[in-house]
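Contents: one structure, followed by commentary.
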Amino acid sequence: MCSLCGVLGGERHWSDAIARPGAPENRTRRQERQARIALANRFLRHYRLKLGDFAGQNFVLRSATGRQAVVPDLVGMWSAAEQLAGRPCDPLDPELIEALERD
């Protein structure tokens with residue numbers, strides 16, 4: 001299956017919702033999405049990966065070597081990250097937590 005199929009007619013993931021307690025009222029869905037990408041990239045930097053938006057429907061995950069994967073949501077990002085990084089990507093890894101605390 002080509003990656004375009006994921007762009008056409010896909011339903012929104014629950015994490016794309018903007019109307020939730022604590023969300024700024026004047027933020028757009030696009031701004032929320034960009035904020036989630038920025039937060040994910042703080043974690044992914046540890047694994048030399050970077051997440052970007054793909055047509056407002058999916059995400060594209062890129063490695064430092066140029067490999068990439070299109071993922072439908074942030075949940076799917078972790079398995080793709082492990083494949084691209086070639087190692088487990090544990091968000092509770094003590095080294096990762098230490099790196100985040102230094103930043």
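Conditions tested, residue by residue: (1) at positive phi; (2) out of contact with any helix residue (DSSP H, G or I) (no Cβ under 7 Å at 6 or more places or on another chain); (3) in contact (Cβ under 8 Å) with a residue 12 or more places away in the chain.
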{"site": "F59", "(1), (2), (3)": "no, no, yes"}
{"site": "A81", "(1), (2), (3)": "no, no, yes"}
{"site": "R87", "(1), (2), (3)": "no, yes, yes"}
{"site": "P94", "(1), (2), (3)": "no, yes, no"}
{"site": "R102", "(1), (2), (3)": "no, yes, no"}
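Being aromatic (F, W, Y) and closer than 25 Å to T28 by Cα, is that true of even one residue in region 55-73? Yes: one or more hits. Residue under question is A55, and the condition is that it be modelled with pLDDT under 90 and not charged (D, E, K, R); does it hold? Yes, satisfied.
The values are calculated or read from the model by the stated rules, or taken from the named source; none is laboratory data. Just so it is clear, the model here is predicted, and its values are computed rather than measured. For neighbour counting, all protein chains shown are included, and Cβ atoms are generated from backbone atoms with ideal geometry for every residue, glycine included.
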